[in-house]
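> The structure is given below, and queries will be raised subsequently.
The values are calculated or read from the model by the stated rules, or taken from the named source; none is laboratory data. Everything numeric here is computed off the predicted structure, so don't read it as measured data. All Cβ positions, even for glycine, are placed from backbone atoms using ideal geometry, and neighbour counts span all protein chains on display. Note: areas computed on protein heavy atoms with side chains; ligands, DNA, RNA excluded. Shrake-Rupley method; radii C 1.70, N 1.55, O 1.52, S 1.80 Å.
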Protein chains: 2
Amino acid sequence: MTAAPVTSDDTAGGTPVLPARGAQRPLGLREVEVTGGFWEGLQTVNATATLEHCERWMERLGWLANFDRVADGTTGPDRPGWSFSDSEVYKLIEAAAWEYGRTGDPAADALVRRLTARIARAQDADGYLNTCYGHGGQQPRYSDLESGHELYNTGHLLQAAVARLRTTGPDELVDIARRAADHVCATFDDSGLCGHPEIEVGLAELGRALGDLRFVEQARRFLDRRGHGSLREIPLGRAYFQDDQPIREATAFRGHAVRALYLAAAAVDVAVDLGDDELLGAIVRQWDRTVERRTYITGGMGSRHQDEGFGEDWELPADRAYCETCAGVASVMVAWRLYLATGHVKYADLIERTFYNVVATSPRSDGRAFFYANPLHQRTAGGVSDDDAVSPRAEGGSRAAWFDVSCCPTNLARTLASWQAYAASAAERELTLLQYAPTRIRTVLGDGSAIAIDVTTAYPADGAVTLRVTDAPAGAVALRLRIPSWAAGAVLVEGGRTRVVAAGFAVVDRSLVPGEEIQLLLPTTPRFTWPDRRIDAVRACVAVERGPLVLCAESVDLPPGAVLDDLLVDPSVPPVARSDAAMVRTVGGDEIELVPYHRWAERGASTMRVWLPVH
Amino acid sequence: MTAAPVTSDDTAGGTPVLPARGAQRPLGLREVEVTGGFWEGLQTVNATATLEHCERWMERLGWLANFDRVADGTTGPDRPGWSFSDSEVYKLIEAAAWEYGRTGDPAADALVRRLTARIARAQDADGYLNTCYGHGGQQPRYSDLESGHELYNTGHLLQAAVARLRTTGPDELVDIARRAADHVCATFDDSGLCGHPEIEVGLAELGRALGDLRFVEQARRFLDRRGHGSLREIPLGRAYFQDDQPIREATAFRGHAVRALYLAAAAVDVAVDLGDDELLGAIVRQWDRTVERRTYITGGMGSRHQDEGFGEDWELPADRAYCETCAGVASVMVAWRLYLATGHVKYADLIERTFYNVVATSPRSDGRAFFYANPLHQRTAGGVSDDDAVSPRAEGGSRAAWFDVSCCPTNLARTLASWQAYAASAAERELTLLQYAPTRIRTVLGDGSAIAIDVTTAYPADGAVTLRVTDAPAGAVALRLRIPSWAAGAVLVEGGRTRVVAAGFAVVDRSLVPGEEIQLLLPTTPRFTWPDRRIDAVRACVAVERGPLVLCAESVDLPPGAVLDDLLVDPSVPPVARSDAAMVRTVGGDEIELVPYHRWAERGASTMRVWLPVH
């Protein structure tokens, strides 16, 4: 695809998160070009199918026309869509902005402009922009902070504007966002909170992008105001929207998972930019406990359907796993910020796990249907989804074209369009590869010297990764390669020697020679993974993983007449590789083929399980 | 307590369910007098504490004054309480009516009269009676059939009137109910359904009690109208209120558990009275599958918090078990009707299991706080409940004085006040003992001959049950004693011989001699119970039961520093009896004391588990 001219002076192509300080510097979308493979496939489907799909559904349901009706003075209480439908439009703009930044595709640019023009007309003179409140017989502005989602919507508007600003430069969308942010600061200077965190992360990043610290300060006010019970009590309890406990005192993520994670992402932003190490430490601790005790093997978060929320420690049912796609997106947001702040490899490990087993699981291969919830066990085969209908529910074992609450498709779209932002990072004389894919990485290190690496690999189907240095600065430079925690026995071949490298970062710290090749061999032999025995729900079960992929058994691969939930795996026989997945032996002696979890339910209605009983 | 005069000519004392035909005839509350023991204790607390407690809370919250405000023309959209709060008043009246019928306590009679006088004034001229709709700026009548609960409320009014009619005779309450039922028949002759089934069971029983078949026919219309999608689709799906599938075609109970069970109870009533064996067969099959695959060891039903509903087959998480107290009550309603219709012992077995492990678990020992949900695993100790506050939630590991949705306390009250109704039944020349407690049973058999038995026992703490015949008809009579399914090795001593009796009914079929004693010895040695291996949630766990009691481990009984969820039980060492519960050996060699599940959380905040991991 030929790159169209961009007006931004950021030739790096922009990136979603750009902290004021930190252990690592993110690369821009144009500094990491994905040239093929698994993620390029998903990005292409996203660009060519999902963006148009989302726009078409929002037009059909009137979510776009809601903006026109406000502008034309014809809206009212009969407005279609939930109070948060505006945010879907903003997330689609954000996705298109990243897509344009990544590829320069004029269709993506046109989508941004088309949507921007419609939302622009709906903005009130004082900067307020919302189609559900405050116009023509609707409830007054900010009359329902607990569930009205007004500031939540605005937060997504700000994130969209950040994407545009960083990839294309100031434009009408950025002006709209600046006015909206000013309005928020003026209105919520002293008090007030939104039931759904998101304004905080939007304000923090817009403040960074515009160099306007007022917005970051307002984000901090929102953060510190939370947790003192200023929102009204609701039947699900104040933990649902994290107003139960000050964020500095909490010990784990809790309540509604997406809310908890958006809030944590903002907390890292504020902590980093305002030098608030106490706050950063609090989030680091909460993340550690959450990942140890409240996170699925897939990286999925959220154990409860009732409140789309985290459960208690070790409460991780496979069948009723909620693992909302948006919570996967939000978890990547948090982990990426913590990685940039601290440089710790564990955050990049979780990002990989979540990318392959939550983010990649949601979209159907054609990019026109999606999982909202991502359970690890489907007891009864889902129906065949009607691609022409809105699914009223988040669950059901088949991907749906659109949902009544349709937060996931646009969240996926913006994440896939910016996937390469999470693949590498840099520091003073240091380049770090975090995610392995065919990529062309070109950046300028802190001292102004250029470095460029071409990566070729069939990962995750194969663990061999070849790095070819195409440009290198004079003198020693540290090239750091993430060795995933599962990759025991990984081998690095470079500079004429071969060595086994441990989990963490394998570092090549020397002068690099243009043309030289470095080979990393990550063992992708299928392996059994046993659960922590405190997870009651999967006691006496085992999972099979291969490389970064969680595998699953699916009923369509069983012998005729066999019932998936009757299957017992013989753990004394290690799984063996089979194409990109594995075979396991059952207690009865049959060989059962497993498939990557992210591909399940692509071959018709099926039952499925990740955790396989051993007795 | 001295019995006050009753005006009813039913000296049997009335009973909640009186089918037109069936394998067994229920006995009246005065035919089975509970003279001591476990249930007498609960009944006394119910009578002396819970009835007054419920009235006080409903006065405090304005749920009673809602009736006055309708009568005075001062109500409006600001009316306090959920749309179903009227039903709590009716269930309290029903409880007081049974209590008066059981004991003749004038305080219970005064409570019925006091509440009846207030609801009477609120009834509209055409029979409509509801404090939430149709008056002073409220939404119009029947404008929200899906969630308005109007017919649900009316159903409970009818059940209350049945209790009054059968224990005391026709009075103002019965007149109110008759007018309300006439109004329902006139309004819903052709179409319409209530989202929460209950009107059906109320209509059927009122029709029986008044001898007015129109009401039973209207119940049948509601039943057959259901399951064709006439209610609007909701996010939880139409299965939530059983409008997804015709009741004759369903294969298991599904959706909201209380709704499903009230509906099934009505279906049995209609099937029996109208001779509809197809319908009866459908409920029998649904019950079988539900009890096999969707019912907890406690008898609890409802695996999901999200919709207070049944899960799929084998979806029975211990920690997130909902097992609403009201679902336990409703399950007893269904099983009792099926028992009367078919005479099968399995229904009485489930009633016992549910009575001891759901119904008896809910109330605190003082009768002034209650469990709403009855999980089988509490991971974190609940807080200490504030007896002066309304609990916004149904869960939490401690009993609450009152709930925002407070259906359970009054449901318990009416069930406990009528407990002995489920203890025995009769047929032509046959008397059957179903539940063992110190009781004095006196009835007249089908041929007009009297029979009387005094039962003495310390059951369930001890399995020895002594029956003393105090009156007997001439000639052979069948005295049938239920042998619970768990009671392998039960021994019957009668007529000079001792024999081992199998699960089911042990029958003494001969002339009985007044003064003679019959002894039943049910073995109450503690026993391990292994789960069906298809229940993923408790794989590799074992439970301990003793007699009808499910036992549990509670953190307050552990050695200092021990963590309940770290405990592993050694299944090679059988549990041993200890007072009324048991001790088990852990893998580490410690002896851990278990307690009856129904007593948990009576000694302060604790963690608890019924299913104990073995590795």
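> Just to verify a number: what accessible area does B:ASP175 come out at with the full protein assembly present, 1.4 Å probe, Å² rounded to tens?
About 70 Å², rounded to the nearest 10.
> A further question on this structure: B:THR103: net charge of surrounding residues, Cβ under 13 Å, Lys/Arg +1, Asp/Glu -1, itself excluded?
-3
> Over the Cα atoms of the range B:212-251, each weighted equally, I'd like the Debye log10 I(q)/I(0) at q = 0.17, 0.21 Å⁻¹, rounded to two decimals.
Log10 I(q)/I(0), no solvent term: -0.48, -0.64.
> Now for a separate question. Give the accessible area for A:LYS346 in Å² (nearest 10); use a 1.4 Å probe, count only protein heavy atoms, and leave out ligands, DNA and RNA.
60 Å²
> What is the magnitude of the charge dipole of chain B about its Cα centre, with +1 placed on the Cβ of each Lys and Arg, -1 on the Cβ of each Asp and Glu, and no other charges, expressed in debye to the nearest 20?
800 debye
> As a test of the definition: which semi-axes, in Å, follow for the range B:428-518 when you take the square root of five times each eigenvalue of its alpha carbon gyration tensor? Largest first, please.
Rounded to whole Å, the semi-axes are 21, 14, 12.
> Is there a simple number for the mean count of other chain Cβ atoms within 10 Å of the Cβ of residues in A:531-539, and what is it?
5
> Now, a different point. At R0 = 35 Å, how high is the FRET efficiency between B:ARG214 and B:ALA450 if r is their beta carbon distance? Nearest 0.05 is fine.
Plugging the Cβ-Cβ distance into 1/(1 + (r/R0)^6) gives 0.45.
> Please compute, for peptide B:119-132, the average count of beta-carbon atoms on other protein chains lying within 10 Å of each residue's beta-carbon.
0
> Now, a different point. Which log10 I(q)/I(0) values does the range A:382-460 give at q = 0.16, 0.17, 0.23 Å⁻¹ under the Debye formula, counting every alpha carbon as one identical point scatterer?
Taking Cα atoms of the range A:382-460 as identical point scatterers yields -0.73, -0.77, -1.04.
> In addition: Does the range A:527-613 classify as rounded, prolate or oblate by the C-alpha gyration tensor (a ≥ b ≥ c root eigenvalues; a/c under 1.5 gives rounded; else a/b over b/c gives prolate, otherwise oblate)?
Rounded, since a/c falls under 1.5.
> Please list B:GLU602, B:GLU198 in order of solvent-accessible area, largest first, computed with a 1.4 Å probe with all protein chains present.
B:GLU602, B:GLU198
> Each label point is 7 Å from the Cα along the Cα-to-Cβ direction; what then is the distance between the points at B:VAL493 and A:ARG118, in nm?
8.5 nm
> Same structure, new question: Determine the relative contact order of chain B: mean sequence separation of Cα pairs under 8 Å and six or more apart, normalised by residue count, in whole percent.
13 percent
> Now, a different point. What is chain B by shape, rounded, prolate or oblate, if you read a ≥ b ≥ c off the alpha carbon gyration tensor as root eigenvalues and call it rounded for a/c under 1.5, prolate for a/b larger than b/c, and oblate otherwise?
Verdict is oblate for chain B.
> While we're on this one: With every protein chain left in place, what is the accessible area per residue of the range A:448-594 in square angstrom, probe 1.4 Å?
Solvent-accessible surface per residue comes out at 39 Å².
> How large is log10 I(q)/I(0) at q = 0.21, 0.26, 0.28, 0.33 Å⁻¹ when the Debye formula is applied to the Cα atoms of the range B:37-79, each weighted equally and without solvent?
-0.68, -0.83, -0.89, -1.01
> Still on this structure, please answer the following. With an 8 Å Cα cut-off and a minimum separation of 6 or more residues, compute the relative contact order for the range B:120-179 in percent.
Here the relative contact order equals 32 percent.
> Between B:ASP386 and A:SER191, what FRET efficiency follows from the Cβ-Cβ distance if R0 is 25 Å, with the result rounded to 0.05?
Calculated transfer efficiency: 0.35.
> Further, regarding this structure: Check which residues have an amide H placed less than 5 Å from B:VAL542's amide H, if you skip close sequence neighbours.
B:LEU612, B:VAL614
> Right, another one. Hey, if you put +1 on the Cβ of every Lys and Arg and -1 on every Asp and Glu Cβ in the protein assembly as shown, which of B:THR167, B:ASN374, B:HIS615 ends up farthest toward the positive end of that dipole?
Most positive-ward Cα: B:HIS615.
> Hey, another quick one. Is it possible to state the helix-based mean residue ellipticity at 222 nm for the protein assembly as shown, with each DSSP H run of 4+ residues giving -39500 (n - 2.57), the sum divided by total residues, to the nearest 500 deg cm²/dmol? What is it?
Using -39500 (n - 2.57) per qualifying helix, the result is -10000 deg cm²/dmol.
> So what does B:ARG225 come to for accessible area, using a 1.4 Å probe and Å² rounded to 10?
So the heavy atoms of B:ARG225 present about 40 Å² to solvent.
> Same structure again: Tell me, what is the FRET efficiency for B:SER147 and B:ASP68 to the nearest 0.05, using R0 = 35 angstrom and their Cβ-Cβ distance as r?
0.90
> With an 8 Å cut-off on Cα pairs and a minimum separation of 6 or more residues, tell me the relative contact order of the range A:476-615 in percent.
21 percent
> Charges on Cβ only, +1 for Lys and Arg, -1 for Asp and Glu, centred on the Cα centroid of the range A:453-598; of A:GLY496, A:VAL595, A:LEU521, which one is farthest towards the dipole's positive end?
Result: A:GLY496.
> While we're on this one: Starting from the Cα-Cα distance between B:ALA476 and B:ARG289, subtract it from 0.36 nm times their residue separation and give me the gain in nm to one decimal.
63.5 nm
> Compute for chains B and A the buried accessible surface, both sides summed, probe 1.4 Å, and express it in Å² to the nearest 100.
2800 Å²
> If the viscosity is 0.890 mPa s and the temperature 25 °C, what translational diffusion coefficient in µm²/s does Stokes-Einstein give for the protein assembly as shown when Rh comes from Kirkwood over Cα pairs?
It diffuses with D of about 75 µm²/s by this estimate.
> Would you work out the charge dipole size for the protein assembly as shown about its Cα centre, treating the Cβ of every Lys and Arg as +1 and the Cβ of every Asp and Glu as -1, and quote it to the nearest 20 debye?
So the magnitude is around 1520 debye.
> Can you give the mean number of other chain Cβ atoms that lie within 10 Å of the Cβ atoms in peptide A:297-309?
Mean shielding by partner chains, rounded to a whole number: 2.
> Rounded to a whole number, what % of the accessible area of chain B do carbon and sulfur atoms account for, probe 1.4 Å?
For chain B, the apolar C and S fraction of the accessible surface comes to 52 percent.
> Next up: Could you point to the residue in B:VAL270, A:ILE451, B:GLY137 farthest towards the positive end of the protein assembly as shown's charge dipole, with +1 and -1 charges on the Cβ of Lys/Arg and Asp/Glu respectively?
So the residue furthest toward the plus end is A:ILE451.
> For the range A:474-497 and the range A:586-615, what is the separation of their Cα centres, given in Å?
34 Å
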